[in-house]
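A quick write-up on the structure given underneath.
The values are calculated or read from the model by the stated rules, or taken from the named source; none is laboratory data. From a predicted model like this one, the values you see are computed outputs, not experimental measurements. No Cβ is skipped: glycine too gets one built from the backbone with ideal geometry, and neighbour counts run over all protein chains shown. Quick note on the areas: whole protein, heavy atoms, side chains included, nothing else; ligands and nucleic acids left out. Shrake-Rupley method; radii C 1.70, N 1.55, O 1.52, S 1.80 Å.
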Amino acid sequence: VEESVHLELMPTVNRDYIDTNLEEIYEKLLKVRKDVLKALEEARKQDLIRHPYEAKVLLKLPEDYKGLMLDRLDWIKFFFTVSQLEVVDNVDTDIKVESEDIEGLTVGIERAEGEKCPRCWIYDETVGKDGQPICDRCMEQVKIYKNIRYRIIFSFFLYFTQNKMITYTKPKPFVKWAGGKRQIIKVLKENIPETFNRYIEPFVGGGALLFELLPSNAIINDINSELINTYLVIKDNVERLIESLKEHKNNENYYYKIRDLNPSELSKIERASRFIYLNKTCFNGLYRENSKGKFNVPFGKYKNPKILDEENLRAVSFYLCNNNIKIYNKDYKEICELAKKGDFVYLDPPYYPINKTSSFTKYTKYDFTEKDQIELSEVFKSLDKKGCFVMLSNSNTDFIKELYKDFYILEVEAGRYINCKGNLRKKRKLEVLIKNY
Ligand SMILES: C[S@@+](CC[C@H](N)C(=O)[O-])C[C@H]1O[C@@H](n2cnc3c(N)ncnc32)[C@H](O)[C@@H]1O
């Protein structure tokens with residue numbers, strides 16, 4: 001070996017590597033490629049495409065080329081640097097080139113189908129499917145994508161490789177929810193256990209903490225079946241839900257027409273669409289049912305409510321589809337029975353009222369009474385005995401503090417009242433956070 005590569009002689013070819021058959025195949029493929037490039041150039045001149053990846057190539061081949069191409073269909077499009085390729089009997093496109101070298105070869109060009117994958121730039125129909133931001137092939141490559149840190153790096157990657165910001169959007173709650181935890185999210189985050197197995201949220205509501213933590217292994221649940229149906233539709237049918245949400249109007253007559261619909265007579269997608277629509281346009285984003293289980297909140301009269309947030313719905317869908325998130329519509333007790341040692345259970349029930357008029361506990365036709373609070377404290381204790389990490393939010397009242405006196409109690413500041421009276425909106429230490437660790 002010479003001291004420097006510049007002093008080395010050209011290496012002699014190892015005769016074993018010579019494969020005349022392969023050479024012949026590549027000569028033929030390169031000939032076809034020449035005609036494909038000619039056709040692509042024509043398509044570019046005629047403004048059909050600006051980049052070869054925007055093209056789908058249609059090839060009519062003579063018999064002796066057919067097998068050659070069909071055997072290589074899985075990768076030959078990369079050899080031609082196009083997004084899609086098909087072998088056809090007839091080329092019926094505006095742009096077509098008859099080969100001068102290969103008799104019987106015609107190359108046609110049309111625009112590739114699907115969306116551009118921001119990772120590999122190839123157009124593919126799997127991009128955007130169920131909120132997936134990249135194509136199936138890239139999804140396979142970036143299994144690490146599930147890790148939040150890599151997703152942020154990936155967002156930057158997209159930013160620098162694309163002119164526009166096709167970023168990974170961090171999902172956030174898709175409904176405004178009474179008792180939503182966004183105002184004290186920092187405190188909640190500071191208080192979660194350092195490590196745990198599964199994340200379990202039996203009273204998930206809008207899921208403020210769920211979307212903050214984005215656990216990859218979780219169980220979420222709520223007794224509100226309209227809400228849970230919406231989570232499921234976002235997971236499985238986000239594009240159809242988005243289409244349906246585009247149809248809604250923000251006016252009073254229309255609002256009451258939609259409110260009066262009976263959810264049990266609607267499809268799952270219509271129910272989810274109605275639910276999000278009512279949440280965005282009703283008074284204060286409240287969800288309240290009368291004793292017959294009928295949603296009864298009046299029209300909110302907002303000038304420009306954001307009924308449809310496509311980007312977030314797709315982000316939520318992507319998160320739910322690509323992680324192990326089990327979604328239930330049961331009473332919280334059944335869910336707590338699923339918890340095992342090492343799981344982290346966050347309990348955020350309807351709060352015990354601070355006084356008779358201040359609090360809102362009636363999310364559905366079932367109220368959450370004093371008896372329910374006592375039973376919940378028993379469930380808390382049984383989870384503690386099992387070896388789960390348990391954290392619970394509730395109102396800062398003597399009654400609640402007495403129920404959980406054997407655990408750590410933290411007073412938390414928040415101004416999250418549904419009550420409209422200004423003085424009650426003032427931040428006061430109205431909540432407690434209770435932990436067994
Ligand atoms: C305080 S909210 C949860 C808010 C949620 N943490 C958030 O960030 O939006 C309480 C939730 O408990 C649900 N709920 C009430 N009774 C329940 C029960 N018995 N089992 C399960 N969920 C229940 C309500 O539908 C409501 O969504």
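For this structure, a couple of remarks:
- Once divided by 2.2 N^0.38 Å, the Cα radius of gyration of segment 1-65 becomes 1.83.
- Exposed GluC sites (Glu not before Pro) absent - longest run of the chain, DSSP non-H/G/I/E/B, at most 13 other C-beta within 10 Å: 248-437
- Descending semi-axes in Å of segment 205-300, equivalent ellipsoid built from Cα gyration tensor: 23, 16, 13
- Pairs of Cα atoms nearer than 8 Å and 6+ residues apart set the relative contact order; for segment 259-381 it is 23 percent.
- Reported value for segment 15-113: 104 Å³ per residue, from the convex hull of its C-alpha atoms.
- Accessible carbon and sulfur surface of segment 183-320 relative to its total accessible area, %, 1.4 Å: 45
- Here the Kirkwood formula puts the hydrodynamic radius of the chain at 26.2 Å, using every distinct Cα pair.
- Residue-span extension gain [residue 217 to residue 338] - 0.36 nm each, minus C-alpha spacing: 42.2 nm
- Here the contact order of segment 15-113, divided by its residue count and restricted to Cα pairs under 8 Å and six or more residues apart, works out to 35 percent.
- Within segment 19-74, the trypsin sites (Lys or Arg not before Pro) that combine a DSSP coil assignment with at most 16 other C-beta atoms in a 10 angstrom radius are 50, 72.
- Between 409, 49, 325, the Gaussian network model of the chain with springs among Cα atoms under 10 angstrom shows the greatest mean-square fluctuation at 49.
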